[in-house]
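Notes follow once the structure below has been shown.
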Amino acid sequence: MTKPQPEEYAPFYKRYIDLIGDLDVLETLQSNQTKSYNFFGSLPPEKADFAYAEGKWTIKEVLGHLIDNERIMSYRLLRFSRADHHPLAGFNENFFSSRSNYKTRTLASLADEFCLLRKANFYLYQNLSPEQLKRKGMASNAMVSVKALLYIIAGHELHHLKIIRERYL
């Protein structure tokens, strides 16, 4: 699968797509299911509630955000792959996080949820036809292709893992 072209996504998402580069996006999504699970499982329990600055999310909240984002982007992907052309609203990640219970859960529970969510979603991802990958829809007031959504999901995960490694550990 070739990298999506700039007209397939809003400029905001370029940073996520660029993180995938020429890697096989499906292979990245599949291998990161285990890599991310193992990464979060390897963190010391005392780091789970750590935030690197005032007003920043804890590691548990970052993982919760990854879960929320994967659900939302996968829903968009499902709708657009099925040629549903109804525009979809955006989502405010801070609003979602502030109304979640991620702080009260264990890091292990969240890692399990992320791993199982990715495993379930991967059945959808790997079975998209070439025609479905080309389909587009409107989300957050911007056009996005199904293929770009795969790259956005994968790149968004890599982005946050990098931030955790740089600022939380």
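Details
- 0 to 90° range, to nearest 10: angle between helix 146-163 axis and the chain longest Cα axis: 20 degrees
- Separation between Cα centres of region 25-92 and region 95-114, rounded to whole Å: 11 Å
- Taking other residues whose beta carbon is less than 12 angstrom from the beta carbon of Leu43, and scoring Lys, Arg as +1 and Asp, Glu as -1, yields +1.
- The chain, helix-only ellipticity at 222 nm - DSSP H runs n ≥ 4, -39,500 (n - 2.57), divided by all residues, nearest 500: -18500 deg cm²/dmol
- Projected label points at Arg82 and Ser129, each 7 Å from Cα along the beta carbon direction, are separated by 1.6 nanometres.
- The residues packed around Ser74, meaning those with a beta-carbon under 13 Å from its beta-carbon, carry a net charge of +3 if Lys and Arg are +1 and Asp and Glu are -1.
- Shape of region 66-119, Cα gyration tensor, a/c cut at 1.5: oblate
- Crossing angle, helix 59-81 versus the chain [Cα axis fit, 0-90 degrees, rounded to tens]: 10 degrees
- Cut-off 14 Å between beta-carbons: net charge of the residues surrounding Phe95, Lys and Arg +1, Asp and Glu -1: -2
- Axis of helix 25-42 versus longest Cα principal axis of the chain: the two differ by about 10°, to the nearest ten degrees.
- The count of lysine pairs in region 1-81 whose Cα atoms are under 27 Å apart, excluding pairs fewer than 8 places apart on the same chain, comes to 10.
Only the coordinates and a few stated rules stand behind these numbers; no lab work does. Keep in mind that what you see is a predicted model, and the values were worked out from it rather than measured. Using ideal geometry, Cβ is built from the backbone for each residue, glycine included, and neighbour counts are taken over all protein chains shown.
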